[in-house]
Amino acid sequence: MPDLTRDDDAAAVNDLRSAVMRLSRRLKHQRVDESLSPTEMSVLGTLSRCGSATPGELARKEHVQPPSMTRIVALLEAKGLVSLEPHPEDRRQKVVSQTEQAESMLEQSRRKRNAFLAGLAEELDDDEWAKLKAAAPVLEKLAHL
């Protein structure tokens, strides 16, 4: 566990934050559809990973307010990337699902971003690549805490 009172732990946390932010910004520029905001892409990614959800569930998963998610879902629906169906148990709610168009666009986006990362990884030596592969599950865990 990091102890931020220790200089080396504080520096490591700072370096990790900085590196993750820079890499994230670079990856955001590797989009297939420039008309979508990073938030819209994130919502589509959540639907892809987790399946259909209500706007309220999406708001919680994306850490945004429900009215904001309602606007995002409306934009995605207008672009043909999500569909809304009545909730099977609560007719006051809707269930948001991604469309085939969204699935295709997400797959193209993943391929483009993976190719970008693979190109960067080619610059690593074998030891650096092994460390990065070993760190991936830990970074995934951090992303979902």
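Scan Ser52, Ser97, Ser109, Ser83 and give me the residue that is closer than 24 Å to Arg22 by Cβ and of a type in the set (Ser, Thr, Tyr).
Ser109
Take the residues in region 95-126 that are over 18 Å from the mean Cα position of the chain (by Cα) and open to solvent by less than 90 Å² (accessible area, probe 1.4 Å); name whichever of them is farthest from Glu34 (Cα to Cα).
Of everything passing the filter in region 95-126, Asp125 is farthest from Glu34 (Cα to Cα).
Suppose the filter is modelled with pLDDT of 90 or more and outside any helix (DSSP H, G or I); does Leu120 pass it?
Values: modelled with pLDDT of 90 or more: yes; outside any helix (DSSP H, G or I): no.
For Leu120, the condition - modelled with pLDDT of 90 or more and outside any helix (DSSP H, G or I) - is not met.
Could you tell me whether region 129-145 includes any residue that is without any contact (Cβ under 8 Å) to a residue 12 or more places away in the chain, exposed (fewer than 12 other Cβ atoms within 10 Å of the Cβ), within 19 Å of the chain's Cα centre (by Cα) and not in a helix (DSSP H, G or I)?
yes
So which residues in region 52-85 are touching a residue at least 12 places away in the same chain (Cβ under 8 Å) and either aromatic (Phe, Trp, Tyr) or at positive phi (or both)?
Of everything in region 52-85, just one residue is touching a residue at least 12 places away in the same chain (Cβ under 8 Å) and either aromatic (Phe, Trp, Tyr) or at positive phi (or both), namely Gly80.
In region 40-61, is there at least one residue being in a helix (DSSP H, G or I), among the β-branched types (Val, Ile, Thr) and within 20 Å of Lys141 (Cα to Cα)?
Our first condition is that a residue be in a helix (DSSP H, G or I); within region 40-61, this holds for 40-50, 55-61.
Then drop every residue that is not among the β-branched types (Val, Ile, Thr), which leaves 43, 46.
Now narrow it down to the ones that are within 20 Å of Lys141 (Cα to Cα): 43, 46.
Checked against the condition, which is being in a helix (DSSP H, G or I), among the β-branched types (Val, Ile, Thr) and within 20 Å of Lys141 (Cα to Cα), region 40-61 yields at least one hit.
Could you tell me which residue of region 1-21 is farthest from the chain's Cα centre (by Cα), considering only residues that are open to solvent by 70 Å² or more (accessible area, probe 1.4 Å) and of a type in the set (A, V, I, L, M, F, W, C)? Give the steps one after another, and end with the answer.
Residues of region 1-21 open to solvent by 70 Å² or more (accessible area, probe 1.4 Å): 1-2, 4-8, 14-17, 20-21.
Checking the rest, the ones that are also of a type in the set (A, V, I, L, M, F, W, C) come to 1, 4, 16, 20-21.
Numbers: Met1: 25, Leu4: 28, Leu16: 18, Val20: 13, Met21: 13 Å.
It comes out as Leu4.
So which pairs qualify, if the first residue must be in region 94-122 and under 23 Å from Ala59 (Cβ atoms), the second must be among the small types (Gly, Ala, Ser) and assigned to a helix (DSSP H, G or I), the Cβ gap must be under 8 Å, and the two must be at least 6 apart or on different chains?
As it stands, the answer is Gln98/Ser48; Ala102/Ser48; Glu103/Ser48; Leu106/Gly45; Leu106/Ser48, since those pairs meet every condition given.
If a residue has to be under 24 Å from Gln108 (Cβ atoms) and open to solvent by 80 Å² or more (accessible area, probe 1.4 Å) to count, how many in region 39-94 make the cut?
Selection size over region 39-94: 5.
The values are calculated or read from the model by the stated rules, or taken from the named source; none is laboratory data. Worth saying up front: this structure is predicted, and the values here are computed from it rather than measured. A quick note on method: Cβ atoms are made from the backbone with ideal geometry, for glycine too, and the neighbour counts reach across all protein chains shown. SASA here: full protein model, heavy atoms, side chains in, ligands and nucleic acids out. Shrake-Rupley method; radii C 1.70, N 1.55, O 1.52, S 1.80 Å.
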